[in-house]
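J.: Before I ask anything, here is the structure I am working with.
No value in this document is a laboratory result; all are computed from the given coordinates. Source: prediction; values computed, not measured. Cβ: placed from backbone, ideal geometry, glycine included. Neighbour counts: every protein chain shown.
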Amino acid sequence: MTGSDAIRLRGVTKAYDRRRVALGPIDLDVRRGEFVSLLGPSGCGKSTALRIVAGLIAPTSGNVNVAGRVASAQTGRSTGFVFQEPTLMPWASVRDNVRLPLTLAGTPRSDADRRIDDALALVGLSEFGAAFPRELSGGMKMRVSLARALVTEPDVLLLDEPFAALDEITRFRLNNDLLALWRRLRKTVVFVTHSVFESVYLSQRVVVMTARPGRIHAEIEIDATERDENFRISAEYAAYCRQTSQALVQASEPRAAS
């Protein structure tokens, strides 16, 4: 790895048996502080790749380095993971849900309390620490999940279609909030999505994957300095969306995966 790389995959594959090859081989570098989206058809291995980077599952072959170390359960401490569902404990308050990874890591309570306060402030939930998941909207639950990922102060933030189940207005708002967080914290972000529009709006680079077994079909640089509502309605945004859509259509064709 170079000093500018946060994530490096070389020859990575994942096979569950001889008939079910889910991923690869893929080679991918993600620079420190970069925002990258993985885009591809359903079942192409986007989430599998993300879980391999997180150390949640092991690759069948290939090498994975995260923050200069071989990816494993131990490198999970350098990554924060946001799942598609908030996966909150319904019996626990917002603060206690965010506290969970710190408790598992044995973080002293005084340090944990400070980190929880900071994480809730980052996602705009400082006033909801005592609330329970049943009292929250879908968007607020996802903010709690994001706070829980940030509370360990990770180098790399991994998000697996976190806004897919939300309505468009809430999704747009959380897209903007996520971008604001990224600009402020400058963490390395890898974001899995099936939305062309979301990938172009959020990312510095969109990695388009083929149908299963997922391989990299194209990488599209999104060279836009401003990401706001004006960008959403601009000709520049529309052109990037067309280019990305065309790449996705090509990647979904059977010959692209062969």
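J.: Using the Kirkwood radius over Cα pairs, work out the Stokes-Einstein diffusion coefficient for region 140-179 at 20 °C and 1.002 mPa s, in µm²/s as a whole number. It would help to have the intermediate numbers written out before the result.
T.: Numbers: Rh = 10.8 Å.
After rounding, the answer is 198 µm²/s.
J.: With each run of n ≥ 4 DSSP H residues scored as -39500 (n - 2.57), what mean residue ellipticity at 222 nm is computed for the chain after dividing by its residue count and rounding to the nearest 500 deg cm²/dmol?
T.: Working: 8 runs with 94 residues, N = 258.
Per the formula, -11000 deg cm²/dmol.
J.: Mind listing P(r) for region 1-40? All alpha-carbon pairs, 5 Å bins, whole percents.
T.: Per 5 Å bin, starting at zero, the Cα-Cα P(r) for region 1-40 comes out as 6, 19, 21, 22, 16, 8, 6, 2 percent.
J.: Tell me, what ³J(HN,Hα) does each residue in region 111-126 have, in order and in whole Hz, if you take phi through Karplus 6.51 cos²θ - 1.76 cosθ + 1.60 with θ = phi - 60° and put x for Gly and Pro?
T.: Running phi through 6.51 cos²θ - 1.76 cosθ + 1.60 with θ = phi - 60° gives 5, 4, 4, 5, 5, 5, 4, 5, 5, 5, 5, 4, 9, x, 10, 4 Hz.
J.: Counting Lys +1, Arg +1, Asp -1, Glu -1, what net charge surrounds Ser195 among other residues with beta carbon under 9 Å of its beta carbon?
T.: Values: positive: Arg171; negative: Glu161, Glu198.
Counting the neighbours of Ser195, the net charge comes to -1.
J.: Quick one: which residues, 5+ away or cross-chain, put their amide H under 5 Å from the amide H of Ala15? H built at 1.01 Å from N.
T.: The list, which skips near neighbours in sequence, is Ala22, Thr60.
J.: First measure r as the distance between the Cβ atoms of Ser245 and Asp113, then evaluate 1/(1 + (r/R0)^6) with R0 = 45 Å and state the FRET efficiency to the nearest 0.05. Could the numbers behind the result be given before it?
T.: Details: r = 46 Å, r/R0 = 1.03.
FRET efficiency, Ser245 to Asp113: 0.45.
J.: Go through 91-103, 204-216 and give me the packing order, highest mean Cβ count within 10 Å leading. Intermediate values should be presented prior to the final figure.
T.: Numbers: 91-103: 18.7, 204-216: 22.5.
The packing order, highest mean first, is 204-216, 91-103.
J.: Over all directions, average the projected area of the Cα convex hull of region 128-246 and note it in nm².
T.: 8.7 nm²
J.: Among the trypsin sites (Lys or Arg not before Pro) in region 1-52, which ones are in a DSSP loop with at most 12 other Cβ atoms within 10 Å of the Cβ? Mind listing them?
T.: Values: sites: Arg8, Arg10, Lys14, Arg18, Arg19, Arg20, Arg31, Arg32, Lys46, Arg51; in loops: Arg18, Arg19, Arg32.
In loop regions of region 1-52 (DSSP not H, G, I, E or B), the sparsely surrounded trypsin sites (Lys or Arg not before Pro) are Arg18, Arg19.
J.: Take every Cα pair under 8 Å in the chain that's 6+ residues apart, average their separations, divide by the length, and report that relative contact order as a whole percent.
T.: Working: 508 pairs, mean separation 65.2, N = 258.
Normalised by residue count, the contact order of the chain is 25 percent.
J.: Please compute the Kirkwood hydrodynamic radius of the chain from all pairs of different C-alpha atoms, in Å with one decimal. Walk me through the intermediate numbers first.
T.: On the way: mean 1/r = 0.0531 Å⁻¹.
So the Kirkwood estimate lands at 18.8 Å.
J.: For Glu168 and Trp91, calculate 0.36 nm times their separation in residues minus their Cα-Cα distance, and state this gained length in nm to one decimal.
T.: Values: separation 77, 0.36 × 77 = 27.72 nm, distance 2.88 nm.
Full extension from Glu168 to Trp91 adds 24.8 nm.
J.: Here is a follow-up. By how many nm would the segment from Arg31 to Ala130 grow when fully extended, if each residue of separation counts as 0.36 nm and the alpha-carbon distance is taken off? Intermediate results must be reported in sequence, preceding the final value.
T.: Numbers: separation 99, 0.36 × 99 = 35.64 nm, distance 3.76 nm.
Result for the pair: 31.9 nm of gain on full extension.
J.: Further, regarding this structure: I'd like the Kirkwood hydrodynamic radius of region 119-163, using the inverse of the mean 1/r over distinct C-alpha pairs, in Å. Mind showing how you got there, number by number?
T.: Working: mean 1/r = 0.0902 Å⁻¹.
One decimal place: 11.1 Å for the Kirkwood radius.
J.: What residues qualify as long-range amide H neighbours of Ala6, i.e. H under 5 Å apart, gap of 5 or more or another chain, H built at 1.01 Å from N?
T.: Those qualifying (amide H under 5 Å, at least 5 residues apart or on another chain) are Val30, Arg31, Arg32.
J.: Using θ = phi - 60° and the Karplus curve 6.51 cos²θ - 1.76 cosθ + 1.60, what whole-Hz ³J(HN,Hα) does each residue of region 224-240 get, with Gly and Pro shown as x?
T.: Couplings: 10, 7, 9, 10, 8, 5, 5, 5, 4, 9, 8, 5, 4, 4, 4, 5, 4 Hz.
J.: On to the next question. Select from Phe35, Phe81, Phe231 the residue whose mean-square fluctuation is largest in a Gaussian network model of the chain (Cα-Cα springs shorter than 10 Å).
T.: Phe231
J.: Also, I was wondering about something else. For Lys46, go through the lysines and keep the ones whose alpha-carbon is under 22 Å away, minus same-chain ones fewer than eight residues off.
T.: Lys46 reaches Lys14, Lys187.
J.: Work through the residues other than Phe83 whose Cβ is under 15 Å from its Cβ and net out their charges, Lys, Arg +1 and Asp, Glu -1.
T.: Values: positive: Lys46, Arg51, Lys141, Arg143, Arg148; negative: Glu85, Asp160, Glu161.
Within the 15 Å Cβ shell, the charges total +2.
J.: Would you work out the Kirkwood radius for region 40-165? I mean one over the mean of 1/r across all pairs of different Cα atoms, in Å.
T.: Working: mean 1/r = 0.0654 Å⁻¹.
Every distinct Cα pair counted, the radius reaches 15.3 Å.
J.: With r defined as the distance between the Cβ atoms of Ser195 and Thr225 and R0 fixed at 22 Å, what FRET efficiency is calculated, to the nearest 0.05?
T.: Values: r = 22 Å, r/R0 = 0.99.
So the FRET efficiency works out to roughly 0.50.
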